[in-house]
Amino acid sequence: MTRHSTLLRRGAAAGLALTAALALSGCADNAATAPGATPAAKGGSAPGLKQPDVNGDGKVVIGVLSPGDINDRGYYQSFVDSADAFAKEQGWTVVKRGSVPPSDALTAARALCQQKVDLVAIGASELKTAIPASEEPVCGKSAWYVPMQANIDQTPKILLSTDDPKQSMLVAGYAAGLRMKAAGHTKAGFITGIKADYSVAAATAFLAGVREIVPKATLTTTYTGDFNDSAKAKEATQAQLNQGVKVIYPYLGGATDASAKLANSGGALTLTPGTDRCASASPKFDISVLFSPGDYFRAGLEEFAANNLKMGTTRVWQLGVDPYPTVKICDAQGDEDQRLAQFIKKIGSKEIDAAAEVERLG
């Protein structure tokens, strides 16, 4: 949301050291050592430095740290793909590291800064333990981009990027409800990883959205304990299919495809956890729920290139106002697209209060 913020979302995708010598062209080895701590810096640094060549060495290097699999074809990969694509257009370099444990995030960030990266980008808020490095001299000439999918304190040295996951999850449920009503279905399913405040809230908002269209709909929610364990995801999916569930939302990370493929074989409709995969044939998705951190990051990199990425601020993305987050039905029938667009528009204009609807129907 995660992953989506509390992320809710973005936790969704939440799949939970860096070597001091990462190759500037690719991913680093998982088992590595990192430099020791350095004293906290006094005063400001990155907020007043010129972007994108923040450290003034004549080149632009973007450093990305992700807590999940950066080849998951979903939430986490979208973040890295956005960095790679934009960097290629600009002639920049990207240093990227996936599957970073939160316990290693701080040393991983210091290692990136030692390589003179101009921007440190955290792929998800699970790695918020890296943020103290932004106040240290080693990172004194680096800007910071941090998706806020959980409670993170705003500091002068970082930019926070966030959204309201209740909005996108409510609309995801609404879209699913449209398809369910057309097919005469009343049973939906939600499969995610750990049971935490954000994942419970995501399921609740999704159910509320379904009930906007199918008032008597029920939701079976399964917490596998792991966003990336495909075996557990398939077991949960099969159990829901056996219970007659006709719409399954794999709100997962690396296990998304395994769940979706099994749901396909069982005749259940599926939704994506963050990215647009309407063109995917295997697995097939019926609804794309777009709250990908990569979409937001791309916009952030455009601001970075224009010397306008403002540290010490929070960028809040609004459904129905900004291009993302949003939801699309992959093969809409009849007036489904029109009804979905109208619902999204009303949330954007505040005619519909997403939080109140979740409270009322979830």
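The values are calculated or read from the model by the stated rules, or taken from the named source; none is laboratory data. Everything numeric in this text was worked out from a predicted model, so none of it was measured. Ideal geometry is used to build each Cβ from the backbone, glycine not excepted, and the neighbour counts take in all protein chains shown. We work out accessible area using only protein heavy atoms, side chains counted, and drop any ligands, DNA or RNA first. Shrake-Rupley method; radii C 1.70, N 1.55, O 1.52, S 1.80 Å.
Structure notes:
- Tally, over the range 189-208, of residues that are over 22 Å from Gly266 (Cα atoms) and either in a loop (DSSP other than H, G, I, E, B) or under 20 Å from the mean Cα position of the chain (by Cα) (or both): 11
- Checking each residue in the range 330-345 for being farther than 29 Å from Ala83 by Cβ, open to solvent by less than 80 Å² (accessible area, probe 1.4 Å) and under 24 Å from the mean Cα position of the chain (by Cα) picks out Leu340, Ala341, Phe343.
- Number of the condition not met by Asp72 [criteria: (1) part of a loop (DSSP other than H, G, I, E, B); (2) modelled with pLDDT under 95; (3) over 18 Å from the mean Cα position of the chain (by Cα)]: (3)
- Qualifying residue in the range 271-282 (condition: assigned to a helix (DSSP H, G or I), of a type in the set (A, V, I, L, M, F, W, C) and in contact with a strand residue (DSSP E or B) (Cβ under 8 Å, 6 or more places away or on another chain)): no
- Checklist (1) within 23 Å of Asn55 (Cβ to Cβ); (2) under 15 Å from the mean Cα position of the chain (by Cα); (3) not in a strand (DSSP E or B) applied to Ser161, failing item: (3)
- Of all residues making up the range 303-357, the number that are touching a Ser or Thr at 6+ places or on another chain (Cβ under 6 Å) and either outside any strand (DSSP E or B) or of a type in the set (Gly, Ala, Ser) (or both): 1
- Exactly one residue among Tyr251, Tyr296 is at pLDDT 95 or above and among the aromatic types (Phe, Trp, Tyr), and that residue is Tyr251.
- Note on the range 279-296: residues that are open to solvent by 20 Å² or more (accessible area, probe 1.4 Å) and under 18 Å from the mean Cα position of the chain (by Cα) total 1.
- Single condition Leu112 does not satisfy, out of (1) touching a Ser or Thr at 6+ places or on another chain (Cβ under 7 Å); (2) hydrophobic (A, V, I, L, M, F, W, C); (3) in a helix (DSSP H, G or I): (1)
- Cβ-Cβ under 7 Å pairs, at least 6 apart or on other chains, the range 297-322 side farther than 23 Å from Leu65 by Cβ, far side open to solvent by 50 Å² or more (accessible area, probe 1.4 Å): Asn307/Lys50; Gly320/Lys345; Gly320/Ser349
- Of note, Pro35 satisfies the criterion of being loosely packed, with under 14 Cβ neighbours inside 10 Å and either at pLDDT below 75 or touching a strand residue (DSSP E or B) at 6+ places or on another chain (Cβ under 9 Å) (or both).
- Single unsatisfied condition, Lys195 versus (1) among the basic types (Lys, Arg); (2) surrounded by fewer than 22 Cβ atoms within 10 Å (Cβ to Cβ); (3) out of contact with any Phe, Trp or Tyr (no Cβ under 7 Å at 6 or more places or on another chain): (3)
- Pick from the range 297-325, criterion open to solvent by less than 30 Å² (accessible area, probe 1.4 Å) and closer than 30 Å to Lys246 by Cβ, ranking: farthest from the chain's Cα centre (by Cα): Leu319
- Every pair of residues 6+ apart whose Cβ atoms lie under 8 Å, when the first sits in the range 338-349 and is under 14 Å from Pro323 (Cβ atoms) while the second is open to solvent by less than 90 Å² (accessible area, probe 1.4 Å) and of a type in the set (A, V, I, L, M): Ile344/Val171; Ile344/Leu319; Ile344/Val327; Gly348/Leu319
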